[in-house]
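The values are calculated or read from the model by the stated rules, or taken from the named source; none is laboratory data. These numbers were taken from a predicted model, which means no experiment stands behind them. Every residue, glycine among them, receives a Cβ derived from its backbone with ideal geometry; neighbour counts consider all protein chains shown. Note: areas computed on protein heavy atoms with side chains; ligands, DNA, RNA excluded. Shrake-Rupley method; radii C 1.70, N 1.55, O 1.52, S 1.80 Å.
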Amino acid sequence: MSKYVIALFSGLLFSLGFSPFNFLFLTIVSLSSFLFLLEKSSSPRESFWISFIFGIGVWSIGISWVIVSIYYHGDVSLIVSVLITSLFIVLLSLYKSLVGIIYFKLKKNFIFNALVLFPFAWVFVETLRGFLFSGFPWLLLGISITNSPLSGFLPIFGSSGSSIILCIISALLVITFNLKRSNKLSKYQINKIRMISGSFLIILVSTPPLLLNKISWTEEIGKQKVSIYQPNLTLEEKWSYEGIAETRNLLNKALLVAENRELIIFPETAFISNETSRESFFKSLEDLLSKKEIYLITGILGTKGEARTNTLHGYGLAKGTYDKVKLVPFGEYVPFLDIFGNFLNFIGINITNMQPGYEYKTLKIGKYVVSPTICYEIAFESIVLETASISNLFITLSNDTWFGDSIGPYQHLEISQARAIEHERAVLRSTNSGISAIINEKGEIQEKIGIFEDKSLNHTVSIREGTTPYSYFKRYPLYLYLLLIFMYLYQNNRTNVTK
């Protein structure tokens, strides 16, 4: 029973390495404890339950913000909200169970298990979670180094590749401090292995702050004056005539105080009126936009035939339109509508199906290329990689009002910081009610607006070109790593079976 208690406690520690806590060492301790428990497991059943309970701990804190959107904004009872959130936690915990099963089925000697098998199993399952059932790449292990001295790994390996590094660091900790004497190893050999393991551990944790963090992979080619507006409307106000009028008045004020060649950004679906009314409004502002040569990028509720789209559009001298491709399941559309539609109607949750975009596009502000994402698209490494190498600036729009003053908006902001570091591009994040921020190419927050604050940000950001190793090679090294380890494990296991 004590193993399961430790597994739960270790899982609870895991999320504390992410924002807003940023205690990375607790995530590493969590991983090391999890690895130790997996190595001590004596059966597939025990390994399954250790991993599952560890997952319950991870996700109970990690996605605690989900219940806020369901209960406060989904118009359902507290009991139903708790049940839906609990079901989500259970489903995500099954991914951790898969890590445990892979580890038990393929484990051999401890050093191999810790340094090769554990990172492989963890990152393989993280990769699966990123695309199965539409994907949910939240709390990827590598994101936890964003606000730490280890962030220098991100522009080389990306978040997923950095997950491998953290698994190896955790494994080296266990080997260094918990390698036991066995019949096969003498005391001298144990001490030698511990010394080598400790040396590699020191090298891994010291290389980013001493070397990698000081490297500039891209170069500045210009600067851009930017203003980000956070209206801070409640969901009820946002979708009302009063909210529409208030947002329009805020834009009018923003244009009056804007400087020539300024980039103004409004959040996701800031303008939700019908197409005719919206375009009439912007047409009336066109003279002012042109006279001051203003770049305006905002979220709108677009249309595609009779369907609605979640759209990012450029007005004034900003050119281009992007329809959100990766819609939120059960938020913007209902997957398997025939199966889930009636059930959601039964429990009182009504969701409007939106039409996704067909391709990832860029926008232009003068001679510079902007890479856009909307809401949780920023969490998908593969989406950002689509346009990162040809862009000079990232813009991400969101509406995190759904999650209130929970840890959700802080985690979302941290993901934006990670994308900035991975590609060495400034990220401009505009949200309806927080946290809006201007993030530089090193992932540092230059300015931000807190949750439920009605403010604006004014700053000058660096426009950059060039590619980081991660931007250039994309995720192919990660896939090659997984493939080579898989082929080795398969061949090794097959050879052992035939002996």
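For His459, the solvent-accessible surface with a 1.4 Å probe is about 50 Å², rounded to the nearest 10.
At most 13 other Cβ atoms within 10 Å and a DSSP loop assignment: could you name the trypsin sites (Lys or Arg not before Pro) in the stretch 85-164 that fit? Of the trypsin sites (Lys or Arg not before Pro), the ones in loops of the stretch 85-164 whose Cβ has at most 13 other Cβ atoms within 10 Å are Lys108. Could you calculate the FRET efficiency of Lys319 with Thr207 from 1/(1 + (r/R0)^6), where r is the beta carbon distance between them and R0 is 30 Å, rounded to 0.05? Efficiency, rounded to the nearest 0.05: 0.10.
Tell me what the chain gives for mean residue ellipticity at 222 nm when only DSSP H runs of n ≥ 4 count, each as -39,500 (n - 2.57), the sum divided by the residue total, rounded to 500 deg cm²/dmol. All intermediate terms of the calculation are to be shown ahead of the outcome.
Details: 16 runs with 248 residues, N = 499.
The per-residue figure over the chain is -16500 deg cm²/dmol.
Between the listed residues Leu482, Tyr376, Ile449, the Cα displaced farthest toward the positive end of the dipole of the chain, a dipole computed from Cβ unit charges relative to the Cα centre, is found at Leu482. Stretching the chain fully between Trp239 and Asn252 yields a gain of 2.8 nm (0.36 nm per residue, less the alpha carbon separation). The overall shape of the chain, judged from the alpha-carbon gyration tensor, is prolate: a/c is not under 1.5, and a/b is greater than b/c. Summing Cβ point charges (Lys, Arg +1; Asp, Glu -1) relative to the Cα centre of the chain gives a dipole of roughly 2520 debye. Within the chain, antiparallel bridges make up roughly 65 percent of the DSSP beta bridges whose residues both belong there.
Heavy-atom accessible area for Thr362, with the other protein chains in place and a 1.4 Å probe, reaches approximately 50 Å².
Looking at the stretch 355-472, what % of its DSSP beta bridges pair antiparallel, to the nearest 5? Roughly 50 percent of the beta bridges in the stretch 355-472 run antiparallel, per DSSP.
At 7 Å along Cα-to-Cβ for each site, give me the label-to-label distance between Ser280 and Ser86 in nm. Distance between the two pseudo-spin positions: 5.2 nm.
What does the charge add up to near Gln230, with Lys and Arg as +1, Asp and Glu as -1, over the other residues with Cβ less than 14 Å from its Cβ?
Details: positive: Lys238, Lys253, Arg429, Lys448, Lys455; negative: Glu237, Glu246, Glu268, Asp400, Glu447, Glu453, Asp454.
Net charge around Gln230: -2.
Which aspartates and glutamates have a Cα less than 19 Å from the Cα of Lys223, not counting those fewer than 8 places away in the same chain? Here the aspartates and glutamates satisfying the reach criterion relative to Lys223 are Glu259, Glu262, Glu293, Glu424, Glu441, Glu444, Glu447, Glu465. Annotation for Arg45 and Leu480: the two label points, set 7 Å from Cα along the Cα-Cβ direction, are 4.4 nm apart. Exposed loop sites were defined as chymotrypsin sites (Phe, Trp or Tyr not before Pro) in DSSP loop states (anything but H, G, I, E or B) carrying at most 10 other C-beta atoms within 10 Å; in the chain the longest segment without such a site runs 1-335.
Against the criterion of solvent-accessible heavy-atom surface with a 1.4 angstrom probe, Asp323, Asp454 sort, most first, into Asp454, Asp323.
Distance between the pseudo-spin-label points of Leu132 and Lys3 (7 Å out from Cα toward the beta carbon): 2.3 nm. Cα centroid separation, the stretch 6-48 to the stretch 408-487: 26 Å. Overall shape: oblate for the stretch 16-99, with the ratio a/c of the largest to smallest alpha carbon gyration tensor axis at 1.5 or above and b/c at least equal to a/b. Note on the chain: dipole from Cβ charges, positive end direction compared against Leu288, Ser160, Asn492; the farthest Cα belongs to Asn492.
Can you tell me the length gained on complete extension of the stretch Tyr72 to Asn191, counting 0.36 nm per residue apart and subtracting the Cα distance?
Length gained between Tyr72 and Asn191: 37.2 nm.
Arg194 contributes an accessible area of around 80 Å² to the protein surface, as traced by a 1.4 Å probe with all chains present. Listed by chain and number, the lysines placed with their C-alpha closer than 16 angstrom to that of Lys105 are Lys40, Lys96; residues fewer than eight positions away on the same chain are left out. Restriction of the trypsin sites (Lys or Arg not before Pro) in the stretch 204-261 to DSSP coil positions whose beta-carbon has at most 14 other beta-carbons within 10 angstrom yields Arg261.
Would you work out if the stretch 195-244 is rounded, prolate or oblate? Take a ≥ b ≥ c from the square roots of the eigenvalues of the alpha-carbon gyration tensor; rounded if a/c is under 1.5, else prolate when a/b is larger than b/c, oblate otherwise. Taking the square roots of the gyration eigenvalues as a ≥ b ≥ c, the stretch 195-244 is oblate.
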